[in-house]
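Before any comments, here is the structure.
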């Protein structure tokens, strides 16, 4: 750190030792500030790296879960046999009235689907 005397106000009434002491204290303060800044930058880099790694890990888990769900869905569609249509519909529906976060009241439709699941229509 190169400190020029032009950066400091002129001190007329002080002896050279007081002036030198003040300059030395300022240099030490700047050194501490620079050290603290370097530590903060290093901590921020580490925190950013950890954040990015967590996001990547979550993304990989989500991709794996989505692939497994897609594979199960495709297998379910392929394995469907005649007469099991209502079972497939029932699996896609949420019959728990408390977990539903919809604004509309779908209780009647839910009860119709449950009754059709229990006693399917005969053609």
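What follows draws every value from the coordinates through simple rules; no lab data is involved. Keep in mind that this is a model prediction, so the values were computed, not measured. We place every Cβ from the backbone using ideal geometry, glycine too, and count neighbours over all the protein chains shown.
Numbers below:
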quantity	calculated
log₁₀ of I(q)/I(0) at q = 0.24, 0.25 Å⁻¹ - the stretch 7-79, Debye sum with one point per alpha carbon	-1.02, -1.04
Two-site FRET efficiency, residue 111 against residue 75, from Cβ-Cβ distance with R₀ of 30 Å, rounded to 0.05	0.50
Two-site label geometry, residue 34 and residue 66: point separation in nm, points 7 Å out along Cα→Cβ	4.9 nm
Spin-label pair residue 44/residue 122, simplified geometry with 7 Å Cα→Cβ offset, distance in nm	7.6 nm
